[in-house]
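Take a look at the structure below.
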Amino acid sequence: MSPQGPLAVAYLDPARLQLQDAGWKDGILGAVCYGGQARSAPADDWPSALVGTPRVDAPGDLCELWLSPGPIRSGAGQGVAYRCTDDLLFGVVMESQVEGSEAAAWVQVAAERGYGRLFALVGALGYPNLVRTWNYFSEINTDERGLERYRRFNAGRQDAFLAAGRSVTAGVPAACALGVGGQPLTIAFLAARCPVLAIENPRQVSAYRYPAEYGPRSPTFSRATLLRLPGQEVLFLSGTASIGGHRTLHPGDVAAQTRETLANLQAVLDAASRVTEGPAFALDSLYLKVYLRDPADLEAVRAVLTQELGPGHSAVYLQADICRADLLVEIEATVGLQVQIQ
Ligand code: 3EB
């Protein structure tokens, strides 16, 4: 595994990790392992997120490995395991459910604490710029004392940004937030020493400006971030769904939601292509991660992707709850780095 730039990613079945040579781990920043069978981390000596999203398009689990030619250092702080290069830091924050009096608004408390620890860590180590966060927790659409859990998560997340003295609009990370049964709050993140360029979608109201009908505190994320590393530009596209302006479009119609989502991804790519120093970003060259609320929608969604992107496109499908009850599908992607699929 020798990525050509400072950052690369590999996708493989975690069952195969043990079969590799001893030295291969040196290039790994961290891992996010997706799948219902992912009961244990592939190794305990680097940051690993275990995300219980069943894979719906193939058997087995999917392990996403973030790679760098290094040199890579390991550490832990604020209870967070991390690995870092001179440019980048990858870590995983977990907050388990607390029983008792706090349990009522658990996700809100957990998000505030988890992001608080994250900010303390990256601040102390000198990687202040959040590039990308991946957020997973259980029962995302469940009402928790009169407020949907996702909305409580948004309140806790935004409070942590404010408590850390951070803007909740400018330069916020690309992100996704998905519901996974039985999942403790799990936040995988990539942070950088260098500034990160946030990119918005002209077809959508910025999430951090969503009106109060979507909850008392707006979600704190950008539609995409562009990371400029030495000799490499990497674009992180946030989880993207069938939202126009701030409204859900095509409720109940998964094929139409998929087409709308692709139009949104295209609009974000167009915006990013206006600021990149490299060639324009193309939708059909992305490696897509597709979250489906209902696994029975696999063929309908895949048919749209094949029609719009051609049979050569790359996508992997996972089952998860999307953060609005009327959204059936959400798609995220990363582009500009070498992707190894094994
Ligand atoms: C949306 O556009 C759909 O709360 O971190 C997408 C990506 C969504 C990230 C988050 C939520 C988040 O509002 C949901």
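The values are calculated or read from the model by the stated rules, or taken from the named source; none is laboratory data. Small disclaimer: the values here were computed from a predicted structure and weren't measured. Positions of Cβ are backbone-derived with ideal geometry, glycine not excepted, and every protein chain shown enters the neighbour counts. Remember, those area values only see protein heavy atoms, side chains included, never the ligands or the DNA or RNA. Shrake-Rupley method; radii C 1.70, N 1.55, O 1.52, S 1.80 Å.
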By accessible area (1.4 Å), largest first, 289, 25 order as 25, 289
Please state the charge dipole magnitude for the chain, taken about the Cα centre, from unit charges on C-beta atoms (+1 on K and R, -1 on D and E), reported in debye and rounded to the nearest 20.
700
As a check on your grasp of the helix formula, calculate [θ] at 222 nm for the chain: sum -39500 (n - 2.57) over DSSP H runs of n ≥ 4, divide by the residue count, round to the nearest 500.
-6500 deg cm²/dmol
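Let a ≥ b ≥ c be the square roots of the eigenvalues of the Cα gyration tensor of segment 41-167; is it rounded (a/c under 1.5), or, if not, prolate (a/b larger than b/c) or oblate?
It is oblate, given that a/c is not under 1.5 and a/b is not larger than b/c.
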Surface share of carbon and sulfur [accessible, 1.4 angstrom probe, percent] for the chain
49
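Could you check what % of the DSSP bridge pairs in the chain are antiparallel, to the nearest 5?
So the antiparallel bridges in the chain amount to around 75 percent.
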Translational D (Stokes-Einstein, µm²/s) of segment 230-342 at 4 °C and 1.567 mPa s when Rh comes from the Kirkwood sum over C-alpha pairs?
89
Is the chain best put as rounded, prolate or oblate by its Cα gyration tensor, with a ≥ b ≥ c the root eigenvalues, rounded for a/c under 1.5, and otherwise prolate when a/b is larger than b/c, oblate when not?
rounded
Before I look further, what does the chain give for accessible area per residue, probe 1.4 Å, in whole square angstrom?
38
